[in-house]
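Structure, as structure tokens:
The values are calculated or read from the model by the stated rules, or taken from the named source; none is laboratory data. Treat the numbers as computed from the prediction; the structure is a model and nothing was measured. Ideal geometry is used to build each Cβ from the backbone, glycine not excepted, and the neighbour counts take in all protein chains shown.
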Amino acid sequence: MRNPSLVSLFALPVPILLFVTFHRMWLVTGNGNPNYIYFQCVAYCVFVSIITIDFIGATVKRDKVRRLVEKGDTVKYITEADKKMESEIKECSPDTSPGENAVSKSSTTEGEVTPEPNVVFL
């Protein structure tokens, strides 16, 4: 999961509503169990902790970028990232172009033209 804080944000109403329901069952009607309330509080605390940790992490990243922009070091980091990305693209690129077939390329001479396959890969 890429965004645990987003999942936690949408799951947060569940323990809140269950807490209210189980609290009424336990204290008003007398047929509930305090363990239900305990576990709803634990779930609530876990969800709020995940949201808080993600917020703090995002704030630290934003402040780091702000400091780099103020110092003028962003150009250096951007060029390093571009070089790394270009080297990864070169490593992943195949030797043949998408329309060529590796078998027909090695078996034909320079003057011959082989028909392209009618297969389209999306």
Query raised in the report: So is Lys83 more than 27 Å from Phe10 (Cβ to Cβ), of a type in the set (D, E, K, R) and modelled with pLDDT of 85 or more or not?
Result: no
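Residues Val20, Val42, Val103: which one is out of contact with any strand residue (DSSP E or B) (no Cβ under 9 Å at 6 or more places or on another chain), modelled with pLDDT under 65 and aliphatic (A, V, I, L, M)?
Numbers: Val20 fails: modelled with pLDDT under 65; Val42 fails: modelled with pLDDT under 65.
From the options Val20, Val42, Val103, the qualifying one is Val103.
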Query - Within the stretch 1-53, considering residues that are surrounded by 13 or more Cβ atoms within 10 Å (Cβ to Cβ) and aromatic (Phe, Trp, Tyr), the one farthest from the chain's Cα centre (by Cα) - result: Trp26
Query raised in the report: Taking the stretch 54-66 only, how many residues are free of Cβ contacts under 8 Å to residues at least 24 places away in the same chain and surrounded by 11 or more Cβ atoms within 10 Å (Cβ to Cβ)?
Result: 3
